[in-house]
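Only the coordinates and a few stated rules stand behind these numbers; no lab work does. What you see is a predicted model, and the numbers here were worked out from it, not measured in a lab. Cβ coordinates were reconstructed from backbone atoms using ideal geometry, including for glycine residues, and neighbour counts include every protein chain displayed.
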Amino acid sequence: MQLTVLIKQTFDTEEKIEIADGVVAEDGVKFIINPYDEYALEEALRLREAHGGTVTVVSCGGDRAVEALRTALAMGADEAVLVARDGLPDDGHAVAAALAAAVKELRPDLVLAGLFAVDRGAGSVALQVAERLGLPHASAALKLTVEDGAAAGQAPSGAAWGGGDGRVAVVERDTEWGVETAAVPLPALVTAQQGLNEPRYPSLPGIMKAKRKPLRQLTAAELGLGAD
């Protein structure tokens, strides 16, 4: 099973945060993997343990984001991809376009991401990626299983790389009116809510192995994206 996890490097909300000219001043700020993305990564690792396959983490950011990707590799991801932010507008539309192009090359069975990033809180980038790629999606997952056999009468995935193998992701999702269960055909995208799991810590052997795992760096131009 090929799993892709979208992660973002954000500032640590438990550290002292200072605002300068309307934005967070980065000097002396500790940066971490967005906590909701850690839930997504942990779930991908558990699915790999249950079904086999690989886990690839993908981020769009500056050189500093390499640190977050190395942490994800130390937690157990198999490989990482960094799409450079150089030349991209600083908005979710551009980031989603870049991430979608990178994910399309990977052709995963399932994409996971955090429900939202704690720095901006918009919660739209992952769902924009799904829409760009024709992926059915379910947000705010509290429980996730992958099962054989498509649900009766369910339309196949509209993924840009074709239909899946009949498996479905069964998602118990957090909504304003309580917990709702949805089944989406693979390939699909699911965003993780707090409570989905308890993310593991990187182990010392994992940290050492992370140094040898592949980490590709791509530009928007290499993904065929223009300035528009």
*Rounded tilt (10° steps) of 92-106 against the dominant C-alpha axis of the chain*: 60 degrees
*Please state the charge dipole magnitude for segment 1-146, taken about the Cα centre, from unit charges on C-beta atoms (+1 on K and R, -1 on D and E), reported in debye and rounded to the nearest 20.*
560 debye
*Given the Cα-Cα distance of D90 and E49 and 0.36 nm per residue of separation, how much length would full extension add, in nm?*
11.1 nm
_Semi-axes of the equivalent ellipsoid for segment 65-112, please: Cα gyration tensor eigenvalues, times 5, square-rooted, ordered largest first, whole Å._
20, 15, 8
_Could you tell me which residue out of Q217, G121, L189 lies farthest along the dipole of the chain toward its positive end? Charges go on the beta carbon: Lys and Arg +1, Asp and Glu -1, centred on the Cα centre._
Q217
*Give the dimensionless ratio obtained when the Cα radius of gyration of segment 21-133 is divided by 2.2 N^0.38 Å.*
1.06
*Enumerate the whole-percent occupancy of each 5 Å bin, from 0 to the last occupied one, for all C-alpha pair distances of the chain.*
1, 7, 15, 19, 21, 17, 11, 6, 2, 1, 0
*Rg and Dmax of segment 30-89, Cα atoms, in Å?*
12.2, 40
*For every helix of n ≥ 4 consecutive DSSP H residues, a contribution of -39,500 (n - 2.57) applies; sum these over the chain, divide by its total residues, and give [θ] at 222 nm rounded to the nearest 500 deg cm²/dmol.*
-8000 deg cm²/dmol
*Overall dimensions of segment 82-149 by Cα: Rg and Dmax, Å*: 13.0, 44
*In degrees between 0 and 90, to the nearest 10, how far off the longest principal axis of the chain does helix 35-51 point, with axes built from Cα atoms?*
40 degrees
*For E222 and R64, compute 0.36 nm times the residue count separating them, minus their Cα-Cα distance, and round to one decimal in nm.*
54.9 nm
*Over segment 156-203 - Rg/Rh using Cα atoms and the Kirkwood inverse-distance radius*: 1.08
_the chain: relative contact order in percent, alpha carbon pairs under 8 Å with at least 6 residues between_ = 25 percent
_Using the Kirkwood radius over C-alpha pairs as Rh, can you work out the diffusion coefficient of segment 147-228 via Stokes-Einstein at 37 °C, viscosity 0.692 mPa s, in µm² per second?_
194 µm²/s
*With everything on Cα atoms, drop me the angle between helix 65-75 and the longest principal axis of the chain, reported from 0 to 90° to the nearest 10.*
50 degrees
*Label zone at V23 (point 7 Å along Cα-to-Cβ), backbone N below 20 Å, segment 63-88*: 63-68, 83-88
